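Step one of this worksheet: look at the structure below.
The values are calculated or read from the model by the stated rules, or taken from the named source; none is laboratory data. Being a predicted model, the structure only gives us computed values, none of them experimental. Note: ideal-geometry Cβ built from the backbone for every residue, glycine included; neighbour counts use all protein chains shown. Remember, those area values only see protein heavy atoms, side chains included, never the ligands or the DNA or RNA. Shrake-Rupley method; radii C 1.70, N 1.55, O 1.52, S 1.80 Å.
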Amino acid sequence: MRVLGLILAGGKSDKLWPLTKVRASAAVPVFGKYRAIDFTLSNMVNSGIKKVGIITQYNPRSLMDHLGSGKEWDLDRKSGGLFILQPYVGPNRETWYHGTADAIFQNMTILRRGEEDYVLIGSGDHIYKMVYKDMFSYHIRKGADVTLLVKELDETYNLSEYGIVQLDGDMRIVEIEEKPTNPKGNLAFLGVYFMNKNLLMELLYATVPHGKYDLLLDVVIPNLHNLKVYAYKFNGYWRNVKKGIHEYYRINMDILKKEVREELFYKNGKVYTKLKDLPPPKLTSTAVVENSLIADGSIIAGTVRNSIIFRNVWIKVGAVVENSIIMENTVVEEGAVLKNVILDKNCVVREGQIVVDERGIPVFEKRAVV
Amino acid sequence: MGNVVAMILAGGQGTRLGVLTEKIAKPAVPFGGKYRLIDFTLSNCVNSGIYRVGVLTQYKPHVLAKHIGIGKPWDLDRKDGGVQILPPYIGRGDSDWYKGTANAVYQNLEYLEENDAEIVLILSGDHVYAMNYNDLIEYHLLKKADGTIACMEVPMEEASRFGIMITDLDGKIVDFQEKPERPKSNLASLGIYVFNYEFLKEVLSEDEHDPNSSHDFGKDVIPRIVNEKKGNLYAFRFEGYWRDVGTIRSYWESNLELVLPLPPFNLYDPNWRFFTHSEEMPPAYIAPEARVVMSLVSEGSEVYGFVSNSVIFQGVRIGKGSVIKNSIIMTKTEIGENCHIENAIIAENVRIGDGTRIGVGEDARSKLDPKVYTGLLTVVGMNSIIPGGVVIGKNCVIGVDITPEDFKSKEIPSGDFLIKQEE
């Protein structure tokens, strides 16, 4: 089965500000060395997909730098490989993408040219590990036109922020309510579509030229009765970084749980990311490190508890970092105390500075000096 | 500057590393938490802008060849030049196994010819150091030398382990002693040579046809050039960290030096990075109940126990209540709960059961080979499985691929060994 992968990574996210000041939400750093998009991209590669198009729009520099030629994902190929699909100026248009359906429509060539029979559409913002192969066979077994990935969300999710799905007895989707104020259930659509490529092309031709630009709202939902749209249930860990700073913080802290680490890092293939060629992390004689993730190139001489330390971070003697996320190339100087904070890349926390917030989660933007 | 081609001698067995080189060549021996020895020389080449590199392999080359691949991690996957593995081959004439370092280069003169070599850098694949070879080559050109040898002053008492240079005031080598009992100087050769290609070709051809030669650079070629005044050799003084981690003891010491607050060898220099082919792994995780000090803990490792003064490679698991002291634990080794491991080198993919103690008791002379296993350190070879509750003393050797069935007793006293007999 030949499947084309498409990843929607153009999103601008105000909820993640200021982390998204310098990057698209799919490029926000997570878990010490990864970017959000690494998960969906690795899932696709681990499912045997050899051609992946990444649809970008909002500030793509960081994302493009990260993806490069796709060699870390084995996508630097003569046939297939990685395609970055950016908005462009052509003879017939001079605008940005108006929505997800429009974005794919504007890149119809990648659909038209390939020899793939199916398309898997995912999002660069989602953190989960999955090999899609069972979903593919489910799609065929059900004779579905479209298969959507769904999951029962527990009380830790705000259901009003998700698309809530109603099924019939055969798992066919009869209704999708996008971001309902009073959700009728807890089965949510996870933003992953699987469908026949030609069908997708037809649907796009029928909608986008008429000013209908959203893949879910304008293409899938109005066709629930004409098309066989089935739900495929996912039971593993799944979260969306784009939902806000609190959700972003929660996701990062979740990785300190053994079962989440096992699932996200070690099950269903590896997570690939851009390599940085840094030496192993070093803990000096004054280091106290508890329940934390420490990435390559970091030197820890202070105290670190319940925190995520990215690559090339320096925590100096006497500094205390608790319940925090410290991104790449940041230096926390002697005696500084940080609790419940997020420091973006290349920050400096000066000697003796104390930032402790018991209620909120202060975020310091890239290159901040505290 | 002429066209530079580097030849890395990577065929060495490294017999004094004991079970560590049972299955792999010395240049493939892991070092510093994520590297293999050859990474340092390869990285020095690319950091010096040298992108034509031949790697001469011979002894157990599989791991080494897989590690180097097409040279991607070092940016040596090039259309023009790049890295090439040069194994021994059988030709129509007399080509055969490499008889010595000089013979190995001689058999690959064609490779140098093809790459239009004008200056040839002869390097060792098993040294740990950071050197900008351009400084060496510039010195070589400045002196208008036929060959230049990188040297370092070593303590006089260690001089007899090295090739010793005696130079005039200009740095020209006037006498050479290979591992002398009574060294005339303490200027030691580091096994790093630069030659003008035409000159090298000439001296190697002569050496090849000398029936009394063992075809080694240090033993035969260099002494002949100096003694018979074949050409001008100069000594380039290198001041910096350089180690030939040739023995178990020096291997252990140089690894543990890396955990010092200001290590003599800097892996963290952003202007001189060391590249390696490493597996993609998540960041290291240190558990709430763990205590880790004075150590390197590489990516993919999960530590639930106590670690001090140790180098932990990638993907290592250290269970609850286990204590690791003054040790080197290599890639993907798993240590159970409540183990005690001290003064040990544990190779790759080893499994150690709960409650095992390694490196305990009084030191004793090795019953296996006191020249290789000189004391204190216990070494466990790769892929071995040590069942729970075993007690292993000091200066012991557990070979490669040992299974729980091989343990006839729960105790291996100091100095003893457990090695699979060849079938």
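Three principal axis extents of segment B:224-336 based on alpha-carbon atoms, in descending order, are 66, 28, 25 Å.
Between the listed residues B:Asn132, A:Leu199, B:Leu256, the Cα displaced farthest toward the positive end of the dipole of the protein assembly as shown, a dipole computed from Cβ unit charges relative to the Cα centre, is found at A:Leu199. Percent of Cα pairs in segment A:16-79 per distance bin of 10 Å, from zero to the largest separation: 20, 53, 23, 3. Overall shape of chain A was characterised from the C-alpha gyration tensor. The equivalent ellipsoid obtained from it has semi-axes of 38, 22, 19 Å, in decreasing order.
Per-residue surface analysis assigns B:Thr247 an accessible area of about 40 Å², computed on protein heavy atoms at 1.4 Å probe radius.
Each 5 Å bin from zero holds the following percent of Cα-Cα pairs in segment B:1-65: 4, 18, 25, 23, 15, 8, 5, 1, 0.
For segment B:314-398, a crude dipole built from +1 on the beta carbon of Lys and Arg and -1 on the beta carbon of Asp and Glu, taken about the Cα centre, is about 60 debye to the nearest 20. The angle separating the long axis of helix A:245-254 from the principal Cα axis of greatest extent in chain A is about 80 degrees.
Over the C-alpha atoms of segment B:8-144, the Rg to Rh ratio, Rh being the Kirkwood estimate, stands at 0.96.
Per atom type, chain A shows carbon and sulfur on 47% of its accessible surface, probed at 1.4 Å.
Principal-axis analysis of the Cα atoms of chain B puts helix B:133-142 at an angle of about 20° to the longest axis. The convex hull defined by the C-alpha atoms of segment A:220-348 has an orientation-averaged projected area of 10.3 nm².
Global size of chain B: 22.5, 68 Å for Rg and Dmax (C-alpha atoms, Rg to one decimal, Dmax whole).
Could you check what % of the DSSP bridge pairs in chain B are antiparallel, to the nearest 5? So the antiparallel bridges in chain B amount to around 30 percent. Modelled spin labels at A:His225 and A:Thr286, positioned 7 Å past Cα toward Cβ, are 7.2 nm from each other.
Return the Rg/Rh ratio of segment A:74-217 with Cα-based radii and a Kirkwood Rh.
Ratio of gyration radius to Kirkwood radius for segment A:74-217: 0.98.
The rule of thumb for compact globular proteins, 2.2 N^0.38 Å, goes into the C-alpha radius of gyration of the protein assembly as shown 1.09 times. In a DSSP loop and with at most 12 other Cβ atoms within 10 Å, the trypsin sites (Lys or Arg not before Pro) in segment A:319-370 are A:Arg359. FRET efficiency for the A:Lys257 to B:Thr15 pair, using the beta carbon distance and R₀ = 45 Å, is estimated at 0.45. The Cα center of segment A:158-209 and the Cα center of segment B:168-215 differ in position by 76 Å.
For the chain pair A and B, the interface hides roughly 3200 square angstrom of accessible area in total, found with a 1.4 Å probe.
With all protein chains kept in place, the per residue accessible area of segment A:36-107 amounts to 44 square angstrom at a probe of 1.4 angstrom. Gyration tensor over the Cα atoms of segment B:322-383: the corresponding equivalent ellipsoid has semi-axes (square roots of 5 times the eigenvalues, largest first) of 20, 14, 9 Å.
Give me the 1.4 Å probe accessible area per residue for chain B, excluding ligands and nucleic acids, in Å².
With the other protein chains kept in place, chain B gives 41 Å² per residue.
Pairs of lysines in segment A:111-238 whose Cα atoms sit within less than 23 Å of one another amount to 24, provided the residues are eight or more positions apart or on different chains. By a 1.4 Å probe calculation restricted to protein chains, B:Glu206 has an accessible surface near 70 Å², given to the nearest 10. Only DSSP H runs of four or more residues enter the estimate; each adds -39500 (n - 2.57), and after division by the residues of the protein assembly as shown the mean residue ellipticity at 222 nm equals -4500 deg cm²/dmol. Think of the protein assembly as shown as having a plus end and a minus end, set by charges on the Cβ of Lys, Arg, Asp and Glu; of A:Tyr162, B:Ile38, B:Ile149, A:Tyr162 sits farthest toward the positive end of this dipole. Rolling a 1.4 angstrom probe over segment B:350-395 with all protein chains present gives an accessible area of which 52% lies on carbon and sulfur atoms. Short version: which residues of segment B:249-292 lose at least 30 Å² of accessible area, all chains versus chain alone, 1.4 Å probe? The answer is B:Tyr268, B:Arg273, B:Glu280, B:Pro282, B:Pro283, B:Ala284, B:Tyr285, B:Ile286, B:Pro288, B:Arg291, B:Val292. In the context of the full protein assembly, B:Phe265 retains an accessible surface of approximately 10 Å², using a probe radius of 1.4 Å and ignoring ligands and nucleic acids.
As a size descriptor, the averaged projected area of the C-alpha convex hull of segment A:53-142 was calculated at 7.7 nm². Taking the C-alpha atoms only, the angle from helix A:197-207 to the longest principal axis of chain A is near 80 degrees.
Between the alpha-carbon centres of segment B:42-118 and segment B:130-161 there is a gap of 22 Å. Taking the DSSP bridge list for the protein assembly as shown and keeping only pairs wholly inside it, about 30 percent are antiparallel. Here the spin labels are modelled as points 7 Å beyond Cα on the Cα-Cβ line, and at A:Asp154 and B:Lys371 they lie 6.4 nm apart. With q set to 0.13 Å⁻¹, the log10 of I(q)/I(0) for segment B:181-281, from the Debye formula over equal scatterers at the Cα positions, is -0.75.
Accessible surface of segment B:111-179, 1.4 Å probe: 46 percent of it comes from carbon and sulfur atoms.
Cα convex hull, segment B:112-179: 135 Å³ per residue, rounded to a whole number.
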